[in-house]
Amino acid sequence: MELVFAMHFVPESIQIRLEDGTDVLLREAGEKDRERALDAFDRMGPEDVRMRFWRDLIELDEDMLDRLVRADQINHLAWCALNPDRLDDDPGYAAASVWRMEDGSGEISITVLPDYQGRGIGLVLFALMWVLAEVLGMSGLKANVLRTNVRAVSWFSGLGGEMVGHSQYLEFQFNLSTKVRNDKLAYWLAVFREEFVGCS
C-alpha cells in the first residue's frame, strides 16, 4: 500500500529550465519511444557507444531495444529529457534508467547525446532518478563505469559517490539518506522532491 500511495505523487512528466535557459521536458520513457531510441543511437559516436554499452555496437537489436524502452516504472525506471518544441522529429537530449537490484539499491545509467553534453542535463536526470528511487523505497544508487571513461569517473566522483574498484570497471555508490555536498545536485534534488512528494 505504501508504494501505491507514494506513486500517486509522481507525475508522468515535468518541464524544467537549465541554467543556460534551455527548456527540457522530462517524462517517462516507454514503448512509444522505440524510434526515438534508434534515432538517438544513430547520433552517438563509436566511443560514446563503447562507453555506454561497454562494447562496440553498430546497431541496437530488438532485445537491447526492449531493455531500453520496456520499463514498468517500479523495478525498472526509464525517463527521457526532450526538447519540448520538437517532440515529433527529434530524439531529445538524454535518457536515464534505474534497475532495482536484489540488495535493495538501484543501478543507474545515464546517456546524454554528444551535442548536449556539458550543459547540466545529466545532473538533472541523476537528481530525478535519485528522487524516484527514494519514492520507490530503494536504499541507494550504484553507477558502474569503465575505468577508461575518465570523464564519467570524474563526474561521479564530483557528485560524492563512494568508489569501489573492480577489475575492468569502477562502481560508484550513493546512499540516498546521506547529506549531499554538491550544491547543484542538492538544488535539483530539492526541486524534484517538491514536485514529486511535496517536500524539499
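Observations on the model:
- Carbon and sulfur %, accessible surface of the chain computed with the full protein complex present, 1.4 Å: 49 percent
- Taking only the Cα atoms of the chain, the ratio Rg/Rh comes out at 0.93, with Rh defined as the Kirkwood radius.
- Springs join every pair of Cα atoms under 10 Å in this Gaussian network model of the chain, and among Trp155, Trp188, Trp99 the largest mean-square fluctuation is at Trp155.
- Computed extension length for Glu47-Val150: 35.9 nm, one decimal, from 0.36 nm per residue of separation with the Cα-Cα distance subtracted.
- For segment 101-146, the mean projected area of the C-alpha convex hull, equal to one quarter of the hull surface, is 3.7 nm².
- When exposed loop sites are taken as trypsin sites (Lys or Arg not before Pro) in a DSSP loop with at most 16 other Cβ atoms within 10 Å, the longest stretch of the chain clear of them is 87-146.
- Length released on extending from Ala186 to Glu35, taking residue separation times 0.36 nm less the Cα-Cα span: 51.0 nm
- In sequence order, calculated HN-Hα J values of segment 95-103 (Karplus, 6.51, -1.76, 1.60; Hz; x Gly/Pro): 8, 9, 9, 9, 10, 5, 9, 5, 7
- Among beta bridges that DSSP assigns inside the chain, antiparallel share in %, nearest 5: 95 percent
- Put a plus charge on the Cβ of each Lys and Arg, a minus charge on the Cβ of each Asp and Glu, and nothing anywhere else: the dipole of segment 94-177 about its Cα centre is then about 240 debye.
- If you wrap segment 10-51 in the convex hull of its Cα atoms and look at it from every side, the mean projected area works out to 4.6 nm².
- The residues of the chain have, on average, 55 Å² of accessible surface per residue, using a 1.4 Å probe with all protein chains present.
- Per-residue HN-Hα couplings for segment 84-90 [Karplus 6.51, -1.76, 1.60; θ = phi - 60°; Hz; x = Gly/Pro]: x, 8, 9, 6, 9, 10, 9
- Each residue of segment 131-138 is assigned a 3J(HN,Hα), and the resulting list reads 5, 4, 4, 4, 4, 8, x, 6 Hz, derived from the Karplus form 6.51 cos²θ - 1.76 cosθ + 1.60 (θ = phi - 60°), x at Gly and Pro.
The values are calculated or read from the model by the stated rules, or taken from the named source; none is laboratory data. The structure displayed is predicted, hence computed values, not measured ones. No Cβ is skipped: glycine too gets one built from the backbone with ideal geometry, and neighbour counts run over all protein chains shown. To get the accessible areas, we keep the full protein, side chains included, count just its heavy atoms, and leave off ligands, DNA and RNA. Shrake-Rupley method; radii C 1.70, N 1.55, O 1.52, S 1.80 Å.
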